[in-house]
Amino acid sequence: MFDKVWRNARLATLAPGSAGLGVVDHGAVASHAGRIAYAGPEAALPSPGAAEVIDCAGRWITPGLIDCHTHLVYAGNRAAEFELRLAGASYEAIARAGGGIASSVRATRDASLERLVAETLPRLDALIAEGVTTVEVKSGYGLDLANEAKQLRAARLLAERRPVGVTTSFLGAHALPPGSDGDKDAHIDHVCNEMLPAIAAEGLADAVDAFCEGIAFSPEQVARVFAAAQRHGLPVKLHADQLSYSGGARLAAEAGALSADHLEYASEDGVAAMARAGTVAVLLPGAFYFIRETQAPPVALFRSHGVPIALATDSNPGTSPLTSPLLAMNMAATLFRMTVEECVAGFTREAARALGQLGQTGTIEPGKWCDLAVWSIEAPAELVYRIGFNPLHQRVWRGQ
Ligand code: DI6
Ligand code: FE
């Protein structure tokens, strides 16, 4: 017997191998023990009966949305810095003057674990309200062992406070800690030899990330972080070629990274290396928009080389104070000229791939977690087309 059946629905299954969004016009989904037991035409639904039958009245069902790149856990905000930028200061100038990431580090260090969770929950609730069922959360605003661990514990606690999957990334190589003497190699030593082993031992991180950029860390320094991650059996990913070219896309690919993220300044050889390695391009239109970047990521190259493209909010206090995946889709279409199919796949199947979780979620296929979003729309294009409108009817996480 099924636990639940959603019937009279149009499905966008995103199943690989099917054309486009994998549409099933007169579809049904059945769940058992939190997993999808059937997905396909309603006419072919097996009939063991169901404890509960939900009539979707012709609504669309997509996989639950997956936000695969966020810095959701932090304290305070940077509205004052936003005002400085409106008056003409650049993001890099603010960072070099000790503001930027450093100011979020000070606020995050000052906050207790409970305070951090409390400040984060409204942001998480905003994502959930738009159908998010899995979210990736990075550290990177603690920058010492105690505070990075606190951020990652807060991220783990989110999964106890809300019905949502949380996957964590350790981003100790995000910036130099405030008050440090500018010795980046010393910080990288600390990340590799003290912080990462302790965080791995406690099981606080599912992956390791770094920020490869002139204002952050060099490719050589990032390579040391990646080697340390691999010694601890953790997959890697990278903030790559965001504000300038540094060869981050190629570096990530050559390390076998799950994803390389941002990529506005990625070169064709970097894209080709990503294609060979199966590294996903995670594009973050919220950051592009918010810092008024003018160079769009090379979407045409990702397409021609066959690099999978995911989208995420990059929710963070400095460059993307965005908690709307639907708005991120609209931005990706408008600013990067991505198609509706690419936008929807970018927040479902390709985001799952970017997290290494495609076997569990990201498409509507039997055996996967029953993570769904039911939308009051006539066509999937409406998810991308509207600005500031949320047509979510029901969100299903693990069958509930
Ligand atoms: N790239 C970004 O866009 C964010 N971090 C990163 O590595 C910015 C984070 C911040 O400004 O607080
Ligand atoms: Fe980021």
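The values are calculated or read from the model by the stated rules, or taken from the named source; none is laboratory data. The structure presented is a predicted model; accordingly, all values stated were derived computationally and were not measured. With ideal geometry, Cβ positions are generated from the backbone for all residues, glycine too; neighbour counts draw on all protein chains shown. When the accessible area is computed, the model is the full protein with side chains, heavy atoms only, and any ligands, DNA or RNA have been set aside. Shrake-Rupley method; radii C 1.70, N 1.55, O 1.52, S 1.80 Å.
Protein heavy-atom accessible surface, 1.4 Å probe, per residue over the chain: 37 Å².
Using a Förster radius of 35 Å, what is the FRET efficiency between residue 118 and residue 186 based on their Cβ-Cβ separation? Nearest 0.05, please. Show your work: numbers first, answer last.
Values: r = 34 Å, r/R0 = 0.97.
With R0 = 35 Å, the Cβ-Cβ based efficiency is 0.55.
Normalised by the number of residues in segment 187-258, the average gap of Cα pairs under 8 Å and 6 or more apart makes the relative contact order 32 percent. Selection among 218, 306, 82 by position relative to the dipole of the chain gives 306 as farthest towards the positive end (Cβ unit charges, Cα centre). The Cα center of segment 282-308 and the Cα center of segment 1-47 differ in position by 32 Å. Please report, to two decimal places, log10 I(q)/I(0) for the chain at q = 0.15 Å⁻¹ as given by the Debye formula with identical point scatterers on the Cα atoms and no solvent. Cα-only, vacuum Debye calculation for the chain: -1.35. Surface composition of the chain: carbon and sulfur atoms hold 53% of the protein heavy-atom accessible area at a 1.4 Å probe.
Helix 268-277 axis versus longest C-alpha principal axis of the chain: approximately 60°, rounded to the nearest ten.
Amide H contacts for residue 53 (H built 1.01 Å from N in the peptide plane; partners 5 or more residues away or on another chain; cut-off under 5 Å): 5.
Express the relative contact order of segment 176-324 as a whole percentage, based on alpha carbon pairs under 8 Å and six or more residues apart in sequence.
Numbers: 274 pairs, mean separation 22.9, N = 149.
The normalised contact order for segment 176-324 reaches 15 percent.
Could you grab the relative contact order for the chain? Cα pairs under 8 Å, six or more apart, rounded to a whole percent. Relative contact order for the chain comes out at 19 percent.
The number of Lys pairs in the chain with C-alpha atoms less than 30 Å apart, excluding pairs fewer than 8 positions apart on the same chain, is 9.
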